[in-house]
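Have a look at the structure below, then the notes.
Read the figures in this text as sums done on the coordinates, not as results from a lab. Keep in mind that this is a model prediction, so the values were computed, not measured. We place every Cβ from the backbone using ideal geometry, glycine too, and count neighbours over all the protein chains shown.
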Amino acid sequence: MLLSSLGRCYLAFCPEDERREILVTLARSPNDFDRYARRPENIRRMVAHARDQGYAARDPTSTSMDSPDRFGAVSVPVRHGDRVVGCLSCAWLPTVRSEREIVSAHLADLQRAAQGIERKLVQAAFGPPPG
């Protein structure tokens, strides 16, 4: 959750009380990838950065530079009222494009798609947004 763009996006844009609950659970985890949850200042910076940008990026430090698992990813929230109900992501190989290039070319498209889904949620059985 703290490494993927989807998890980081969810954490950055979900309500504060939900974020606190998730982080308490992650802080208790024995998984090395969850240790970041024990550093509240880092989490605050990550959340503020994602909100300022309007998206969250994958943490590239979790894989070595030559790993076949290395890829870039950015995600935007899909909201229904004050709740995050999903995230849309774009992933790519960093050898092909930089994050800056992907964001410049595709962030607006991702955000428009998320807004379209949000409109459909209001029109569908989900009804008006809570909050």
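The table below gives the values:
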quantity: Burial ordering of S4, S104, S29, fewest other beta-carbon atoms within 10 Å first; calculated: S104, S29, S4
quantity: Rel. contact order, % - alpha carbon contacts under 8 angstrom, at least six apart, segment 1-103; calculated: 31
quantity: Residues with amide H under 5 Å from that of V85, placed H, sequence gap 5 or more; calculated: V78, R79, H80
quantity: The chain - mean residue ellipticity at 222 nm from DSSP helices (-39,500 (n - 2.57) per run, n ≥ 4, rounded to 500); calculated: -15500 deg cm²/dmol
quantity: Diffusion constant of the chain at 4 °C, which comes from Stokes-Einstein with the Kirkwood Cα-pair radius and 1.567 mPa s, µm²/s; calculated: 83
quantity: Cα extents of segment 1-54 along the three principal axes, largest first (Å); calculated: 31, 20, 20
